[in-house]
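Worksheet: the structure to be examined is printed underneath.
The values are calculated or read from the model by the stated rules, or taken from the named source; none is laboratory data. Since the model is a prediction, treat every value here as computed from it, not as a measurement. Here the Cβ positions follow ideal geometry from the backbone for every residue, glycine too, while neighbour counts run over all protein chains shown.
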Amino acid sequence: MRPDWEKTQNRELGYWLWHFTEHTPFTNRDQVLGYMYHWGRQQARQCGLPGTYGIVGLPLDELLAGSILDVGCGPVSVHELRPRARVTAIDPLMHRYIGAMPNISRWKGQNDTEYLAGDIHGASLMHRSFDIVWCYNVLDHANDWRSTLARCCEFVGVGKMLVVGVDCREALDDTMAMHPSVVPYNDLITEVEKGGLSIGWITSRSKKQKQRVGLWADRTNSSTGRL
């Protein structure tokens, strides 16, 4: 049975509340942003960056420059401290994060990062494009992962990049209280390619009943996507 969506969202909020107030009780802005920055570096490595993309030896902060859309960013974007990035971070629970964690909310958004409450299907992102669309640990949390991924692909223009990290499964299991969507590995690849993107690098690591997948893909023609 598919997990109840409202309960799933409540668990997501509870996870971040626990993580930022009990597991790692931050006391100032530098701790929060520094933690998220280093978590972002780990995400990038799991998706093969920067070593498999662009110029060999290019530092990650040089690669992750320009406009970044951080999809399902949680309370704080992992890209806020990127020195050359213009970050738009969006999450459907943003208003609830602000209410539950007022200190965290006061410490973020001071580096020209734009935080939006909502999902990527809403009007707030219409007619916009980005150099990098970052979709890490999001698809299996989404109510409809296929439409979420398709929308992400639309924002990737010619020569631009999509980064995806996701736990792929073939069926529902008892670990999915916070993961309402089943994302099969082969279907993930198919949907990225249907979005007009070419996968440049992909890795898969088995863990219990899932495959932890990291990939990046880019668009090499102008037939689809935002320019």
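Being assigned to a strand (DSSP E or B) and among the charged types (D, E, K, R) is the requirement here; does Asp112 meet it? So that I can check it myself, show each step before the final result.
Details: assigned to a strand (DSSP E or B): no; among the charged types (D, E, K, R): yes.
Criteria not met by Asp112.
For the structure I just gave you, tell me whether Trp107 is of a type in the set (A, V, I, L, M, F, W, C) and modelled with pLDDT of 95 or more. When the stated conditions are applied, Trp107 does not pass them.
Does the stretch 23-42 contain at least one residue that is closer than 18 Å to Leu215 by Cα and touching a Phe, Trp or Tyr at 6+ places or on another chain (Cβ under 7 Å)? The answer is no; no qualifying residue exists.
Please state which one of Ala142, Ala44, Ala89 is among the small types (Gly, Ala, Ser), crowded, with 21+ Cβ neighbours inside 10 Å, closer than 23 Å to Asp218 by Cβ and at pLDDT below 95.
On the way: Ala44 fails: at pLDDT below 95; Ala89 fails: at pLDDT below 95.
Result: Ala142 is the single residue among Ala142, Ala44, Ala89 that is among the small types (Gly, Ala, Ser), crowded, with 21+ Cβ neighbours inside 10 Å, closer than 23 Å to Asp218 by Cβ and at pLDDT below 95.
Filter the stretch 1-46 for residues that are under 22 Å from the mean Cα position of the chain (by Cα) and of a type in the set (A, V, I, L, M, F, W, C) and give the result. Across the stretch 1-46, the qualifying residues are Trp5, Leu13, Trp16, Leu17, Trp18, Phe20, Val32, Leu33, Met36, Trp39, Ala44.
If the requirement is being closer than 20 Å to Ile68 by Cα, of a type in the set (Gly, Ala, Ser), modelled with pLDDT of 95 or more and touching a strand residue (DSSP E or B) at 6+ places or on another chain (Cβ under 6 Å), which of these qualifies: Ala150, Ala217? Only one candidate qualifies: Ala217.
Checked against the criteria, Val71 does not count as out of contact with any Gly (no Cβ under 7 Å at 6 or more places or on another chain), buried (at least 21 other Cβ atoms within 10 Å of the Cβ), more than 28 Å from Ala217 (Cβ to Cβ) and of a type outside the set (S, T, N, Q).
Right, Thr190: touching a residue at least 40 places away in the same chain (Cβ under 8 Å), assigned to a helix (DSSP H, G or I) and β-branched (Val, Ile, Thr) or not? Considered against the rule, which asks whether it is touching a residue at least 40 places away in the same chain (Cβ under 8 Å), assigned to a helix (DSSP H, G or I) and β-branched (Val, Ile, Thr), Thr190 comes out as no.
Exactly one residue out of Val87, Val71 is touching a His at 6+ places or on another chain (Cβ under 7 Å) and of a type outside the set (Phe, Trp, Tyr): that is Val87.
Just checking, which of Glu114, Glu80 is over 28 Å from Asp187 (Cα atoms), surrounded by 22 or more Cβ atoms within 10 Å (Cβ to Cβ) and charged (D, E, K, R)? Break it down stepwise before answering.
Values: Glu114 fails: surrounded by 22 or more Cβ atoms within 10 Å (Cβ to Cβ).
Only one candidate passes the filter, namely Glu80.
In the set Gly195, Gly200, only one residue is more than 20 Å from Gln9 (Cβ to Cβ), in contact with a Phe, Trp or Tyr (Cβ under 9 Å, 6 or more places away or on another chain) and either surrounded by fewer than 21 Cβ atoms within 10 Å (Cβ to Cβ) or touching a residue at least 24 places away in the same chain (Cβ under 8 Å) (or both); that residue is Gly200. Within the stretch 158-187, the set of residues being of a type in the set (Ser, Thr, Tyr) and either under 25 Å from Lys7 (Cβ atoms) or not in a helix (DSSP H, G or I) (or both) comprises Thr175, Ser181. Just to be sure, is Arg205 basic (Lys, Arg), modelled with pLDDT under 95 and in a strand (DSSP E or B)? In short, yes. Scanning the stretch 180-221 for residues that are under 24 Å from Gly54 (Cα atoms) and among the hydrophobic types (A, V, I, L, M, F, W, C) returns Leu188, Ile189, Val192, Leu197, Ile199, Trp201, Ile202, Val213, Leu215, Trp216, Ala217.
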